[in-house]
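In what follows, a single structure is set out as structure tokens and then discussed.
The values are calculated or read from the model by the stated rules, or taken from the named source; none is laboratory data. Quantities reported herein were computed from a predicted structural model and do not represent experimental measurements. As a convention, Cβ positions derive from the backbone with ideal geometry for all residues, glycine included, and neighbour counts pool all protein chains shown.
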């Protein structure tokens with residue numbers, strides 16, 4: 001996401017919005033434990049006090065399918081595990097990969113395809129529908 005936020009592509013605004021929301025939530029959660037630090041950081045980009053801000057809630061999240069997060073998290077963990085097993089850097093490219101999953105899971109992954117490819121550095125991603133309920137990411141190095 002960081003790469004997308006620094007870029008000027010079509011997803012840069014949404015990446016920056018997600019990072020702003022994440023920072024806002026983290027500051028409000030840490031405020032009781034780190035009152036001076038969180039107040040200072042809050043003042044850099046927000047008016048008022050972090051200690052008077054509402055406690056974070058799920059209502060702040062954009063509408064969408066919550067299953068997208070779980071599907072992408074599962075695929076991302078498999079990509080990272082494949083790199084770890086080969087003792088590769090997390091920034092190294094995966095030349096090709098195939099994701100096998102149910103059509104519903106493939107649709108959820110497609111909703112976050114750009115972010116997933118950027119996070120995993122997969123050059124070419126193929127999809128293969130599967131009747132089995134488990135998502136499997138098969139990598140080729």
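Please pick out the residue among 24, 89 that is closer than 29 Å to residue 135 by Cα, under 19 Å from the mean Cα position of the chain (by Cα) and modelled with pLDDT of 90 or more.
On inspection, the qualifying residue turns out to be 89.
Taking segment 1-35 only, how many residues are more than 23 Å from residue 116 (Cβ to Cβ) and either outside any helix (DSSP H, G or I) or in the same structural domain as residue 72 (by TED's automatic domain parsing) (or both)?
Qualifying residue count, segment 1-35: 4.
Kindly indicate whether residue 71 is assigned to a helix (DSSP H, G or I), touching a residue at least 24 places away in the same chain (Cβ under 8 Å) and either assigned by TED's automatic domain parsing to the domain that holds residue 22 or surrounded by fewer than 17 Cβ atoms within 10 Å (Cβ to Cβ) (or both).
Values: assigned to a helix (DSSP H, G or I): yes; touching a residue at least 24 places away in the same chain (Cβ under 8 Å): yes; either assigned by TED's automatic domain parsing to the domain that holds residue 22 or surrounded by fewer than 17 Cβ atoms within 10 Å (Cβ to Cβ) (or both): no.
No; evaluated as a whole, the condition is false for this residue.
Give segment 36-50 a look and list any residue that's in contact with a helix residue (DSSP H, G or I) (Cβ under 7 Å, 6 or more places away or on another chain) and either under 23 Å from residue 61 (Cβ atoms) or assigned to a helix (DSSP H, G or I) (or both), or say none.
Once the filter is applied, which keeps residues that are in contact with a helix residue (DSSP H, G or I) (Cβ under 7 Å, 6 or more places away or on another chain) and either under 23 Å from residue 61 (Cβ atoms) or assigned to a helix (DSSP H, G or I) (or both), segment 36-50 yields 38, 39, 41, 42, 50.
I'm trying to understand the selection: among the residues of segment 51-65, which are surrounded by 10 or more Cβ atoms within 10 Å (Cβ to Cβ) and assigned to a loop (DSSP other than H, G, I, E, B)?
Scanning segment 51-65 gives 53, 56, 61, 64, 65.
Among the residues of segment 110-137 satisfying the criterion of being in contact with a strand residue (DSSP E or B) (Cβ under 7 Å, 6 or more places away or on another chain) and in a helix (DSSP H, G or I), which is surrounded by the most Cβ atoms within 10 Å (Cβ to Cβ)?
Here the residue is 120.
Taking only pairs six or more apart or across chains, which ones have beta-carbon atoms under 6 Å, a first residue in segment 22-40 that is without any contact (Cβ under 8 Å) to a residue 24 or more places away in the chain, and a second residue that is outside any helix (DSSP H, G or I) and surrounded by 12 or more Cβ atoms within 10 Å (Cβ to Cβ)?
If the second residue must be outside any helix (DSSP H, G or I) and surrounded by 12 or more Cβ atoms within 10 Å (Cβ to Cβ), the pairs left are 38/31.
Hey, does segment 83-91 have a residue that's surrounded by 12 or more Cβ atoms within 10 Å (Cβ to Cβ), part of a helix (DSSP H, G or I) and not assigned by TED's automatic domain parsing to the domain that holds residue 120?
Checking segment 83-91: not a single residue is surrounded by 12 or more Cβ atoms within 10 Å (Cβ to Cβ), part of a helix (DSSP H, G or I) and not assigned by TED's automatic domain parsing to the domain that holds residue 120.
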